[in-house]
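Participant: There's a structure below that I have some questions on.
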Amino acid sequence: MPVGIFRVCLVVITAIVNHPLLFPKENGTVPENTEEIIRKMKEREESLRVEQLRLEQEIADQEATQKTLEKAAEIVEESKEEKVRWDMWTALSMVIFLLIELWRQDFQEGIWQDTGGEEDDMAVLGKAFKGVAFPDKAVLASFYEKRILGTTGDMARMREMVEGFADDLLEALRSVCNRDADMEVEDCMGVGSMYENWRVRKPFVCDLIVPFAPPEPYCFRSQTWCSGDCFPPDEQGYGTIKVCRADKDVTGCICDKTKLGEDMLCLLHSQVNTTRPSSEMEDLLCFKNTQYLDADQVMKWFQIAVTKAWNRISHKYEFDLSFSLLDSPGALKIKFRSGKSIAFNLTPVVQYENSDVYFISHFPRSGLAADLPSSTHWFLTFAVYERRFIQLVSKTLPANACHVSCLQILSFLHGKQCSLTGPSGLTNYHLKTVMLHLLQARSSQDWAPEKLEARLQDMLKFLEKCLHEKKLYHFFIGNGKVPAELGFPIIFQRAEPLNLFRPFVLRRDVYRKTVDTFHEMLRNTSALINEYTVHIP
């Protein structure tokens with residue numbers, strides 16, 4: 001702007017200085033062509049005016065440009081400040097959202113561990129109980145004494161008889177097997193409701209599991225869904241078992257990689273320990289062209305081995321032994337000449353590392369493993385730890401605690417209702433899982449015998465809540481509160497909780513049937529119990 005003003009002033013001064021009328025010459029006279037001079041002066045004045053207007057326009061344009069630049073700078077500064085404020089609010093909102101999401105996940109995964117801590121919490125649940133007449137303490141006590149308690153002695157005698165026969169049968173099985181080629185069978189263990197003293201429905205069936213191992217020099221190397229490998233959601237709870245050489249990578253010996261001379265002998269490996277060709281892995285019950293243990297092959301091998309073992313010792317017994325279910329390798333039935341029969345399950349399993357968790361090929365009389373992803377996938381059973389947990393907790397409960405009584409009554413009601421309206425998606429294992437959760441959540445004094453009615457209602461309300469949410473978490477998987485005395489593997493405690501009700505999310509028809517059966521059981525509770533109870537005046 002100062003430069004423009006200076007230029008205007010310079011033009012004006014020049015015009016004034018050069019004006020002929022203002023500084024005339026001393027001897028000059030007024031020219032005769034005055035009109036010509038006036039015309040030129042007007043032209044000069046017009047040109048100066050045009051130049052002045054042009055300079056003023058340039059000055060105005062410069063001022064406008066300067067104002068525009070200043071305004072743009074102000075807008076940029078304001079946008080920077082606004083962006084900083086927006087970024088701060090965005091970051092703060094993301095942090096709040098992440099905290100809420102983490103809290104929600106922790107709450108959903110851990111709520112089952114805290115459920116049942118207060119009576120008020122349970123009172124909020126149980127909407128299906130409205131209008132349902134529940135039996136009182138006297139009726140429940142009479143029902144339990146007359147209908148359920150009397151079966152305990154029968155279970156004890158049956159367990160003793162079945163265990164003795166199973167030990168004899170397995171000993172004969174070992175004698176008929178080739179120890180250098182066949183699987184090595186260990187001693188059997190009793191699991192399930194018969195050995196936890198809560199089975200109520202007849203016929204009584206003992207569940208025995210039989211661990212087995214491959215012959216030397218082979219071993220089993222297991223892989224579970226929570227071992228760090230990527231397993232799809234429908235394979236959670238399963239694992240695979242690979243058959244490998246026990247000494248493959250331990251000693252680093254090259255005797256099986258290099259051709260030794262006829263006069264050379266490996267001091268680490270004798271000729272007895274030579275490995276089989278990979279084409280003969282099927283002899284080790286593996287799936288075709290793989291090293292993974294095949295459940296179907298194990299079923300066939302076990303049935304053949306049991307048949308051979310029974311043929312060897314059948315002359316010692318005055319009864320017949322047969323397979324009761326074609327799709328279960330160890331579903332056996334003892335038939336006496338009098339017509340009576342005893343059923344039991346002898347199921348082959350594979351031990352997971354050095355724990356009491358086992359891979360099981362199938363579940364007799366259960367839909368837990370009905371849809372295996374493939375025959376190389378094995379379900380994991382924690383039945384041994386479940387039995388130990390019940391025994392451990394029972395030592396801290398009052399005498400004649402009602403936890404087993406509640407489970408027995410609930411199992412009886414559900415079984416009777418299913419016999420009336422057909423099977424549902426609920427199993428006895430689901431009912432036992434509910435009891436295990438409440439055993440951990442409630443104090444020892446809450447399981448006194450006089451609180452049978454309250455605890456039974458708690459189990460029903462907890463089950464109703466789980467059905468409503470379609471979530472019933474496995475008791476051991478993902479449970480960080482498992483007592484250290486059990487020696488439970490830490491890998492399963494740190495795993496994500498396993499939802500046993502996940503099939504209900506995928507199959508709405510089964511879920512609807514299960515919920516209807518449960519509500520019908522609640523309405524028929526009094527009628528079912530009164531039907532099997534001696535009248536009390």
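The values are calculated or read from the model by the stated rules, or taken from the named source; none is laboratory data. Note that this is a predicted model, so its numbers are computed, not measured. Glycine also receives a Cβ, built like all others from the backbone with ideal geometry; neighbour counts cover every protein chain displayed. These area figures cover heavy atoms from the full protein model, side chains too; ligands, DNA and RNA do not enter into them. Shrake-Rupley method; radii C 1.70, N 1.55, O 1.52, S 1.80 Å.
Participant: How much of the DSSP bridge set in the stretch 329-452 is antiparallel, in percent, rounded to the nearest 5?
Facilitator: Percent antiparallel among DSSP bridges in the stretch 329-452 is about 100.
Participant: Defining a contact as two alpha carbons under 8 Å apart and six or more residues distant in sequence, what relative contact order in percent does the stretch 408-537 show?
Facilitator: Contact order relative to length: 31 percent.
Participant: Related question: How much accessible area per residue does the stretch 189-242 have, in Å², with a 1.4 Å probe?
Facilitator: 38 Å²
Participant: Starting with the highest mean, order 234-245, 330-341, 212-223 by the number of other Cβ atoms within 10 Å, averaged over the residues of each peptide.
Facilitator: 234-245, 212-223, 330-341
Participant: Further question: Could you rank the peptides 306-313, 57-64, 468-475 by their average count of other C-beta atoms within 10 Å per residue, with the highest value first?
Facilitator: 468-475, 306-313, 57-64
Participant: For the cross-link pairs 242/470; 432/513; 300/470; 146/471, which exceed 31 Å when the distance is taken from alpha carbon to alpha carbon?
Facilitator: Too far apart for the 31 Å limit: 242/470; 300/470; 146/471.
Participant: Take peptides 405-415, 521-531, 480-490, 428-438 and line them up by average Cβ neighbours within 10 Å, highest first, as a rough protection proxy.
Facilitator: Ranking the peptides 405-415, 521-531, 480-490, 428-438 by packing returns 405-415, 428-438, 521-531, 480-490.
Participant: Further question on the same structure: How would 161, 155 line up by accessible area, probe 1.4 Å, largest first?
Facilitator: 161, 155
Participant: When the accessible area of the stretch 432-537 is split by element with a 1.4 Å probe, what percent falls to carbon and sulfur?
Facilitator: 52 percent
Participant: Okay, next question. Work the Kirkwood hydrodynamic radius out for the stretch 389-429: mean of 1/r over every pair of different alpha-carbon atoms, inverted, in Å.
Facilitator: When all Cα pairs of the stretch 389-429 are included, the Kirkwood radius is 11.9 Å.
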